[in-house]
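First the structure, in the form of structure tokens, and then the observations on it.
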2 protein chains.
Amino acid sequence: MRMSTLFLRTLREDPVDAELPSHRLLVRAGYIRRAAPGIYTWLPLGLRVLGKIEQVVREEMTAAGAQEVHFPALLPREPYEATGRWTEYGPNLFRLKDRRENDYLLAPTHEEMFTLLVKDLYSSYKDLPLTLFQIQTKYRDEARPRAGLLRGREFIMKDAYSFDIDDAGLERSYRAQREAYERIFTRLGLEYVIVAATSGAMGGSRSEEFLFPTPSGEDTFVRSPGGYAANVEAALTAVPEPVDASDLPPAEVRDTPDSTTIDTLVSQANALYPRPDRPWTAADTLKNVVLALTHPDGTDELVVVGLPGDREVDLKRLEGALEPTLVAPATDEHLATRPELVKGYIGPAVIGPNAGDDGEDRTSLRYLLDPRVVPGTSWITGADAEGKHVFGLVAGRDFTADGTIEAAEVRAGDPAPDGSGPLELARGIEIGHVFALGRKYAEALGLKVLDENGKAVTVTMGSYGIGVSRALAAVAEATCDDSGLAWPMPLAPFHVHLLATGKDPEVFAEAERIAAELTAQGIEVLLDDRPKMSAGVKFADSELLGVPLVLVVGRGLAEGKVELRERATGERRELPVGEAVDAVAGAVRSALAS
Amino acid sequence: MRMSTLFLRTLREDPVDAELPSHRLLVRAGYIRRAAPGIYTWLPLGLRVLGKIEQVVREEMTAAGAQEVHFPALLPREPYEATGRWTEYGPNLFRLKDRRENDYLLAPTHEEMFTLLVKDLYSSYKDLPLTLFQIQTKYRDEARPRAGLLRGREFIMKDAYSFDIDDAGLERSYRAQREAYERIFTRLGLEYVIVAATSGAMGGSRSEEFLFPTPSGEDTFVRSPGGYAANVEAALTAVPEPVDASDLPPAEVRDTPDSTTIDTLVSQANALYPRPDRPWTAADTLKNVVLALTHPDGTDELVVVGLPGDREVDLKRLEGALEPTLVAPATDEHLATRPELVKGYIGPAVIGPNAGDDGEDRTSLRYLLDPRVVPGTSWITGADAEGKHVFGLVAGRDFTADGTIEAAEVRAGDPAPDGSGPLELARGIEIGHVFALGRKYAEALGLKVLDENGKAVTVTMGSYGIGVSRALAAVAEATCDDSGLAWPMPLAPFHVHLLATGKDPEVFAEAERIAAELTAQGIEVLLDDRPKMSAGVKFADSELLGVPLVLVVGRGLAEGKVELRERATGERRELPVGEAVDAVAGAVRSALAS
């Protein structure tokens, strides 16, 4: 390919909406171009890289025994209605009507359709196990599309689905996909961390995310020195052992005027009721937070969550635990409907299993506790009356809850739940996600097969996604530097960027000869044959485009010399022009083989 | 690939909605599966064939100098608003809103976006000529999706766009694409006819369609022995020479009671005013038909079209001539608004340039004549009064029109407009369409470049489409027979279908060995290794799937023999098992090379 005719215009200015280097550089280097918010056009260079990534994914999927199919993006409402996702996806789903006023959607993922296809064609345990995949365009109406390809509204995914007769089969299929993902990201040269994850709108029993660790990532995850790793939404608390509370004194209601926040409560407690051995701290208080849940069927519910006063509620973790239910802080309007809740003084006595009949004809609110509030621990908490708190209220002895929930923020230094050491927090970009779905979709859509005894059994499924266009951006993000992109050889749009510089016709003729020889050997050459462009511009463009090897044919040719540069390292060496073809071809082959 | 694990279930029953053999067989053989009306899922076999067709298209596009890009399918309204197509496409366009209530569409074709992209990046005549293409999923909300892939609502197209500084450049780009199309359809093994076409919603100065001739096609076209060929909508009339009318008597109004149809008029004329030399026929009458036009801006207009009484109005031809205006017969309500039009007796005296002032404050209706109504010809036509016609009204002498229009149906036997002989009518499937768009889109969207003198000039464009998924169906339609599909080697999902029949383990082991040897040589083998399937079922499936070579390893193996069949011809020959690999590999290579 010749630069003189390649459809490319490199840009000196950063796009105004670009936050991340990968986004900025992919636009400036002419790989992609924005068509609408979160919607991009692939230009020739970008499409070449994308094709190479797709090919890696396809090869590894096939090697893992998955078979390729291709579903439409435009799908009818009914299957998504059957699983509840037509509603659950909320405003993230692009919905439309056809000319007959039938409802359609642009699919964000295809569990329903794969389930129905297998139901349509297969009927026996002998047909299983089966794993199908596609590389296909997906749609998601993101509230805040960002960072170019990293969070788009139209994007390319590889999605795979496994079908098994029993749990052991699902485990094998899940493992096979998980291992294929490890091979894929290794081949893409992408560092990854596998973290426990919540299942989100997908449902299912278990899931793990592949995160590319980078400070610019949108996902926060925790990991311990001993190997525990989880998305922060899915991170479990190291639950302390229950405490023996048999010697603790009875709880006592005390006046705590003007103590509607944890800070003021702690001050008042230390001022009015100092403790001899050490001062009260926020960690001694039990905070009861009222939350408004919106369930997928559209109904609302108020619940109260209790957690140590030194921790904030993490709404994303709560939503992770309650998916697909949405969670928001309760408003004053909400609180006004429940007069038993005294703002700033809410205590467990009036909620959950502790609530006595207050004379009103209504059900008590559900009460959920953070796992840190273990039986036998003693707390200062609201006494459900203006200006009063109860001191020494013991969990399990004086109050109970309807259940526990991961409600509190995770902090660096918190112990890992498996005892593998203190957690560190880091950020990453989700590049893959594997789900053991179980039977949710098969049950909703009636996918059963006959087992060996002729009995109809529900199939168990897995779902496995890789953001293909996002992976491209992640590779760009991982490899770029201040001057531009710097592709690894297997993904680069071309293997070598051959620059003819200066005005000497012999230089251009020699560059053409070298390009022809390399091309004949199967090496992909981008030849900068632009006749009137300065060497400076050519070098800058070459840095920006990020082809891994750069061969410069210029002034040195008069002395029989050319220069070979490595884009990523900046290493340069002069070599005799007669050795250029072998040197380049050798370097390309060794980079592709490694 | 092994049949025992291939995701495939062949069906014995035809799908209920299938009209055409290709549709029926592609579904029954497990190549595609319907997801919604006009929306299909590609199963593994179908996807393999599709990939091979795409590759042929890609290679020929690249060879023709076109560069591949990839646009989104989900696009904002504004560019399509600027060219008027947001409205012109009418109910054929899938429209939707995003979460911010912005208007989007699913693109049926991408002229606007390519124009804007080139405007965005290029600015000089030095950047041209340029031809870009994509292979991409398109959407069109067809009123009547039919025939599986032939008329779908989600389908795959190759669309290319050329950009040139002047008309001569456009002509070269158009030629290059047209020639690439000829090579593509030749490589696909698809017979094609290139016909003159109307431009439809695309606009532009000139276009040609590539039709695959088949009686089941939706397009009607005409062709002459001398090489004229046109879609019937675009077919031009062989216009007779003007006649010398100087000796003709003056026109005369006569009573013709109860003559509101051409049939009754001809009867009355012969009964009341017989002509000595020969009887009056419908060809002697001039029929004036009132039509209701709906213009793209939403306004309506009544026009009158005059044509010989022995021809019917062809609304599709009229729409072709008037695109993007819609055409329908006028209703009684329409006629009631124009009392000068006497139903059954409408004549040219009250319409177009012939209309005198009738005292009412209104403009005369436009009057358009079929080209057959040449100056100097004499007609019987309505006298604009109940029960009266005028005889001997001479075109050009007694009445004129606002213009001519191709209004009448074309009939077999009509002369070709270029004198190349009588036309025959035939049907075909549109598999490609090339448009010389000219400057319509560049003007609407402001695509200009600086010419050699630094002057901004509007770019001229071409647009070139191939229905890739439709081409697959056309190949299936062209090659299938009663037993199933029969792919040409370059497009077949596999090169050879290797059947192991019977129960002898040695047969299966030998088939495995042959499959492995062929695979090692790069031959694509589908191995029917299903252990408990009868030979009859395997043969039937093999006929249905249509892999071009079928190698049967069965009972004959005991005598060292296998059987090689050609799917298309049914030819069979026995050969020694030791020669099987060479025979198959040789046959595949020679079929691919031819």
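The values are calculated or read from the model by the stated rules, or taken from the named source; none is laboratory data. Predicted, not measured: the structure shown is a model, and the values here were computed from it. For neighbour counting, all protein chains shown are included, and Cβ atoms are generated from backbone atoms with ideal geometry for every residue, glycine included. Areas reflect the complete protein model, heavy atoms only, side chains present, ligands, DNA and RNA absent. Shrake-Rupley method; radii C 1.70, N 1.55, O 1.52, S 1.80 Å.
Would you list the strands (runs of 3 or more DSSP E) that sit entirely within the range A:492-569 and hold 3 or more residues that are without any contact (Cβ under 8 Å) to a residue 40 or more places away in the chain? Full working, then the answer.
Numbers: elements: A:496-500, A:525-528, A:549-553, A:561-566.
Of the strands (runs of 3 or more DSSP E) lying wholly inside the range A:492-569, those with at least 3 residues that are without any contact (Cβ under 8 Å) to a residue 40 or more places away in the chain span A:561-566.
Give the number of residues within the range A:62-76 that are in contact (Cβ under 8 Å) with a residue 12 or more places away in the chain, over 16 Å from A:K138 (Cα atoms) and within 12 Å of chain B (Cβ to nearest Cβ).
4
Among the candidates A:A436, A:A474, A:A442, single out the residue that is farther than 30 Å from A:D120 by Cβ and either assigned to a loop (DSSP other than H, G, I, E, B) or in contact (Cβ under 8 Å) with a residue 24 or more places away in the chain (or both).
The match here is A:A474.
Quick one: would you say A:A168 is free of Cβ contacts under 8 Å to residues at least 40 places away in the same chain and open to solvent by 10 Å² or more (accessible area, probe 1.4 Å)? Steps first, answer last, please.
On the way: free of Cβ contacts under 8 Å to residues at least 40 places away in the same chain: yes; open to solvent by 10 Å² or more (accessible area, probe 1.4 Å): yes.
Against the criterion (free of Cβ contacts under 8 Å to residues at least 40 places away in the same chain and open to solvent by 10 Å² or more (accessible area, probe 1.4 Å)), A:A168 qualifies.
For residues in the range B:123-149 being more than 11 Å from every other protein chain (Cβ to nearest Cβ) and open to solvent by 10 Å² or more (accessible area, probe 1.4 Å), which is farthest from A:T41 (Cα to Cα)?
If we take residues in the range B:123-149 being more than 11 Å from every other protein chain (Cβ to nearest Cβ) and open to solvent by 10 Å² or more (accessible area, probe 1.4 Å), then B:R146 is farthest from A:T41 (Cα to Cα).
Out of the residues in the range A:260-288 that are touching a Pro at 6+ places or on another chain (Cβ under 8 Å) and surrounded by fewer than 17 Cβ atoms within 10 Å (Cβ to Cβ), which is farthest from A:E233 (Cα to Cα)?
A:N270
Report every pair of residues separated by at least 6 positions or lying on different chains whose Cβ atoms are under 7 Å apart, first residue within the range A:24-45 and within 8 Å of chain B (Cβ to nearest Cβ), second aromatic (F, W, Y).
Short answer, once both residue conditions are applied: A:R33/A:Y40; A:A35/B:F71; A:T41/B:F71; A:L43/A:F7; A:L43/A:Y31; A:P44/A:F7.
Restricting the range A:445-471 to residues that are assigned to a helix (DSSP H, G or I) and not hydroxyl-bearing (S, T, Y), which is most open to solvent (accessible area, probe 1.4 Å)?
Among residues in the range A:445-471 that are assigned to a helix (DSSP H, G or I) and not hydroxyl-bearing (S, T, Y), the one most open to solvent (accessible area, probe 1.4 Å) is A:R470.
Yes or no, residue by residue, for (1) over 24 Å from B:L485 (Cα atoms); (2) surrounded by 13 or more Cβ atoms within 10 Å (Cβ to Cβ); (3) among the aromatic types (F, W, Y):
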site	(1), (2), (3)
B:V507	yes, yes, no
B:E512	yes, yes, no
B:D529	no, yes, no
B:M533	no, yes, no
B:G536	no, no, no
B:F539	no, yes, yes
B:R573	no, no, no
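Within the range B:331-350, identify whether any single residue is touching a residue at least 12 places away in the same chain (Cβ under 8 Å), in contact with a Pro (Cβ under 8 Å, 6 or more places away or on another chain) and of a type in the set (D, E, K, R), and answer yes or no.
No; the residues of the range B:331-350 include none that is touching a residue at least 12 places away in the same chain (Cβ under 8 Å), in contact with a Pro (Cβ under 8 Å, 6 or more places away or on another chain) and of a type in the set (D, E, K, R).
Cβ-Cβ under 6 Å, sequence separation 6+ or interchain: first residue in the range A:579-594 and in the same structural domain as A:R513 (by TED's automatic domain parsing), partner open to solvent by 80 Å² or more (accessible area, probe 1.4 Å). Which pairs?
What qualifies is A:V581/A:E517.
Tell me, yes or no, whether the range A:353-367 has at least one residue that is under 20 Å from A:R254 (Cβ atoms) and not aliphatic (A, V, I, L, M).
Among the residues of the range A:353-367, at least one is under 20 Å from A:R254 (Cβ atoms) and not aliphatic (A, V, I, L, M), which makes the answer yes.
Give me the helices (runs of 4 or more DSSP H) completely within the range B:28-122, filtered to those with at least 2 residues that are at pLDDT 95 or above and either open to solvent by less than 10 Å² (accessible area, probe 1.4 Å) or over 17 Å from A:P72 (Cα atoms) (or both), ordered by residue number. Step through it out loud before you land on a result.
Working: elements: B:44-63, B:77-82, B:85-88, B:111-121.
Counting at least 2 such residues, we get B:44-63, B:77-82, B:111-121.
Which residues, taken from the range A:46-60, are within 30 Å of A:K532 (Cα to Cα) and more than 8 Å from every other protein chain (Cβ to nearest Cβ)?
Within the range A:46-60, A:G46, A:R48, A:V49 qualify.
For the range B:9-17, state whether one or more residues are more than 7 Å from chain A (Cβ to nearest Cβ), closer than 30 Å to B:D127 by Cα and acidic (D, E).
Checked against the condition, which is being more than 7 Å from chain A (Cβ to nearest Cβ), closer than 30 Å to B:D127 by Cα and acidic (D, E), the range B:9-17 yields no hits at all.
Residue-wise test of (1) surrounded by 22 or more Cβ atoms within 10 Å (Cβ to Cβ); (2) under 38 Å from the mean Cα position of the chain (by Cα).
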{"residue": "B:G347", "(1), (2)": "yes, yes"}
{"residue": "B:I351", "(1), (2)": "yes, yes"}
{"residue": "B:R366", "(1), (2)": "no, yes"}
{"residue": "B:D370", "(1), (2)": "yes, yes"}
{"residue": "B:V374", "(1), (2)": "no, yes"}
{"residue": "B:W379", "(1), (2)": "yes, yes"}
{"residue": "B:G387", "(1), (2)": "no, no"}
{"residue": "B:G392", "(1), (2)": "no, no"}
{"residue": "B:G403", "(1), (2)": "no, yes"}
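Consider A:A292 against the criteria (1) crowded, with 16+ Cβ neighbours inside 10 Å; (2) in contact (Cβ under 8 Å) with a residue 60 or more places away in the chain; (3) out of contact with any Phe, Trp or Tyr (no Cβ under 7 Å at 6 or more places or on another chain): it satisfies all of them except one. Which criterion is unmet?
Every condition holds for A:A292 apart from (2).
Do the conditions hold for B:S173, that is, is it polar (S, T, N, Q), more than 25 Å from B:I429 (Cα to Cα), over 21 Å from the mean Cα position of the chain (by Cα) and more than 9 Å from chain A (Cβ to nearest Cβ)?
no
Give all pairs with beta carbons closer than 9 Å in which a residue from the range B:110-126 that is free of Cβ contacts under 8 Å to residues at least 40 places away in the same chain meets a residue that is in a helix (DSSP H, G or I) and of a type in the set (D, E, K, R); count only pairs at least 6 apart in sequence or on separate chains.
Sorted first by the residue in the range B:110-126, then by its partner, the pairs are B:L121/B:D127.
Name every residue in the range B:77-96 that is touching a strand residue (DSSP E or B) at 6+ places or on another chain (Cβ under 6 Å) and either facing another protein chain (nearest Cβ under 9 Å) or of a type in the set (K, R) (or both), in order of residue number.
Within the range B:77-96, B:R77, B:F94, B:R95, B:L96 qualify.
Can A:R397 be described as assigned to a loop (DSSP other than H, G, I, E, B), open to solvent by 20 Å² or more (accessible area, probe 1.4 Å), at negative phi and touching a strand residue (DSSP E or B) at 6+ places or on another chain (Cβ under 7 Å)?
Spelling it out, it is not the case that A:R397 is assigned to a loop (DSSP other than H, G, I, E, B), open to solvent by 20 Å² or more (accessible area, probe 1.4 Å), at negative phi and touching a strand residue (DSSP E or B) at 6+ places or on another chain (Cβ under 7 Å).
Does B:L491 satisfy the criteria of being open to solvent by less than 70 Å² (accessible area, probe 1.4 Å), closer than 30 Å to B:I53 by Cβ and in contact with an Asp or Glu (Cβ under 9 Å, 6 or more places away or on another chain)?
Considered against the rule, which asks whether it is open to solvent by less than 70 Å² (accessible area, probe 1.4 Å), closer than 30 Å to B:I53 by Cβ and in contact with an Asp or Glu (Cβ under 9 Å, 6 or more places away or on another chain), B:L491 comes out as no.
Quick test of your reading of the structure: B:T256 fulfils all but one of (1) in contact with a helix residue (DSSP H, G or I) (Cβ under 9 Å, 6 or more places away or on another chain); (2) at positive phi. Name the failing condition by number.
The single condition B:T256 does not satisfy is (2).
Within the group B:S22, B:S4, which residue is touching an Asp or Glu at 6+ places or on another chain (Cβ under 8 Å), under 24 Å from B:R144 (Cα atoms) and among the small types (G, A, S)?
Exactly one of B:S22, B:S4 is touching an Asp or Glu at 6+ places or on another chain (Cβ under 8 Å), under 24 Å from B:R144 (Cα atoms) and among the small types (G, A, S), namely B:S22.
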